[in-house]
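Below is one structure, written out as structure tokens, with a few remarks after it.
The values are calculated or read from the model by the stated rules, or taken from the named source; none is laboratory data. As the structure is a prediction and not an experimental result, all values here were calculated from the model. Cβ placement follows ideal geometry from the backbone for every residue including glycine, while neighbour counts extend to all protein chains displayed. The accessibility values were calculated without ligands, DNA or RNA, using every heavy atom of the protein model including side chains. Shrake-Rupley method; radii C 1.70, N 1.55, O 1.52, S 1.80 Å.
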Amino acid sequence: GCFYVESPAMRMLLKKLEVDDYLGLVAASSIIRPGVAESGMMREYLLRHRDPERRKLASERMMSIMPETYGVMVYQEDVMRVVVQYGGLSAEEADEVRRGMNIRYRDRPEFKLVERKFFDNCRERGYPEGEAEEVWRQIQSFASFSFAKGHSASYAVESYQSLYLKAHHPLEFLVGVANNFGGFYHTEFYLHEAKRAGAMIEAPCVNRSEELCTLQNVAGQQRQYAPLVVHHDASAPRIFLGLGNVKSLNEASVALILNERRKNGPYTDLEDLLKRVPLGLEQARILVRVGALRSTGRSKPQLLWDVALLHRPATVRTSGDLFITKVEEPRLPDLQHFPLADAYDELDLLGFPLCDPFEMVALPEALGRGGDSIGNNGLPTILKRDMAAYVGKRVRMFGYMIHVKATDTHHGQRMSFGSFIDPAGDFWDSTQFPDVAERYTFRGRGVYRFIGVVEEEFGHNSLRTESLEKLPWRPDPRYGDK
């Protein structure tokens, strides 16, 4: 949820760099840009950052120009300083190099003159064979996109403020991020973070929700509003999803429900709602299916029957009734309510389930909850927290997909990086090299089973995938075993 540093690649880099202060954030936000990363300078920076002995391999001239970044060019200003102090160019000529960071500018005559002068000056200064060529190669790589230090510094201010809010006010911050409807991740995963911070996530409710997500502590009132996850602490803070989070529930319906509630108080039951708010039949059904009328104490199947029997758009009135009469309830067949059916309704109407997604897969017995679980293939099934103890070993892991990024190698082959949530709720990362990416494909969001080797680099653990398989969802119980 933290601005500009929440992507899997940035999380990985911050871990490897052991970033713990503002200046570290400034450097990280620039190092990850393609100009630095693709030239190999990001890896060299990491090596020098973690190993003081490695810094001795740096050119003394480059180290004296950029001691802060261990002699590695990170910012556009570094390039200008290098061409002036290392290459002997003037400030005006250095600005020509800065413009040359745009690849379309490099073929212009004025840039070619500056390039020639750089190498002439380096030869006159007697630099070691090949050193100037390597420095110039690094300079040219900045055309792939890089940051000025001021740009990185201003972005890092926003990142630092986000990190402070996340650390000290996590629930309020994550509700704000979810309501921003923007960020690297889907709303589901910001709410997952809020769960990790101790909140219960509640489905929308006609009596408690606003248009967007709200943070509420409903301790002592849990009898009125049946908790969706009964094993949670009833006194825990709750985040109610907004009515605006419900797909297919139109803005007009949301506004009518909220305005009427603010004016005349909570809705006592479905009949009261339908009398006070002119909802279409399908809009009323959506509210029932998403769980927004659970405060009535009736199950979803019962409420769906009620909607069919009570829905009379023409009788909606806002003035209230002098006498309230109750119609005798019809006799209904035995209606079964399946928790798994709620998850399917949530997938349809919210875009994600509010339950643990691992409870929805067809093979729950296969989901090992720790390093002691041994699968049929003899491999240990581990969690993210176990990875450090299994470096270099083949293991089995399960993950609920967060994000997969496909990219090309230097040889033009397709590979991918993935981020997942394990059954304990922790984030972990995988790498699919071209041979694996060609044979195994990700087929949308869901739970996957992986076999691979745990690897460690600069303190960050990931799984080098050997094979993967998507697990099927358990069938919707409303439609029978088949």
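Which residue is farthest from residue 148 (Cα to Cα), if the candidates are limited to region 62-77 and must be touching a residue at least 60 places away in the same chain (Cβ under 8 Å) and assigned to a helix (DSSP H, G or I)? Filtering region 62-77 for residues that are touching a residue at least 60 places away in the same chain (Cβ under 8 Å) and assigned to a helix (DSSP H, G or I), the one farthest from residue 148 (Cα to Cα) comes out as 62. Scanning region 159-188 for residues that are within 15 Å of residue 11 (Cα to Cα) and of a type in the set (A, V, I, L, M, F, W, C) yields 163, 184.
Looking across region 230-280, the residues that are buried (at least 16 other Cβ atoms within 10 Å of the Cβ) and β-branched (Val, Ile, Thr) come down to 239, 246, 254, 257, 277.
For region 21-36, the criterion of being modelled with pLDDT under 90 and within 28 Å of residue 120 (Cα to Cα) is met by at least one residue.
The criterion of being among the charged types (D, E, K, R) and open to solvent by 30 Å² or more (accessible area, probe 1.4 Å) holds for residue 474. Scanning region 43-61 for residues that are touching a Phe, Trp or Tyr at 6+ places or on another chain (Cβ under 7 Å) and either part of a helix (DSSP H, G or I) or more than 18 Å from residue 136 (Cα to Cα) (or both) gives 45, 46, 48, 49, 50, 55, 61. Taking (1) touching a residue at least 40 places away in the same chain (Cβ under 8 Å); (2) surrounded by 15 or more Cβ atoms within 10 Å (Cβ to Cβ); (3) closer than 30 Å to residue 179 by Cα in turn, residue 13 satisfies each apart from (1). Being open to solvent by 30 Å² or more (accessible area, probe 1.4 Å), closer than 29 Å to residue 61 by Cα and of a type in the set (D, E, K, R) is a condition met by no residue of region 159-174.
From the list 407, 431, the lone residue that is modelled with pLDDT under 95 and β-branched (Val, Ile, Thr) is 407. Residues 378, 368, 418: which one is buried (at least 19 other Cβ atoms within 10 Å of the Cβ) and modelled with pLDDT under 95? Sole residue among the options that is buried (at least 19 other Cβ atoms within 10 Å of the Cβ) and modelled with pLDDT under 95: 368. Checking 436, 454, 447 one by one, the residue that is at pLDDT 95 or above, within 17 Å of the chain's Cα centre (by Cα) and open to solvent by less than 20 Å² (accessible area, probe 1.4 Å) is 447 and no other. Count of region 47-61 residues, restricted to those that are surrounded by fewer than 20 Cβ atoms within 10 Å (Cβ to Cβ) and touching a helix residue (DSSP H, G or I) at 6+ places or on another chain (Cβ under 6 Å), is 3. Among the residues making up region 79-98, those that are without any contact (Cβ under 8 Å) to a residue 40 or more places away in the chain and either under 18 Å from residue 133 (Cβ atoms) or surrounded by 14 or more Cβ atoms within 10 Å (Cβ to Cβ) (or both) are 80, 81, 84, 85, 88, 89, 93, 94, 95, 96, 98. Number of residues in region 383-415 that are open to solvent by 10 Å² or more (accessible area, probe 1.4 Å) and in a helix (DSSP H, G or I) equals 6.
Screening 75, 105 for residues that are modelled with pLDDT under 90, touching a helix residue (DSSP H, G or I) at 6+ places or on another chain (Cβ under 7 Å) and surrounded by fewer than 16 Cβ atoms within 10 Å (Cβ to Cβ) leaves exactly one candidate, 105. Of all the criteria given as (1) under 28 Å from the mean Cα position of the chain (by Cα); (2) modelled with pLDDT of 90 or more; (3) open to solvent by less than 60 Å² (accessible area, probe 1.4 Å), the one not satisfied by residue 132 is (1).
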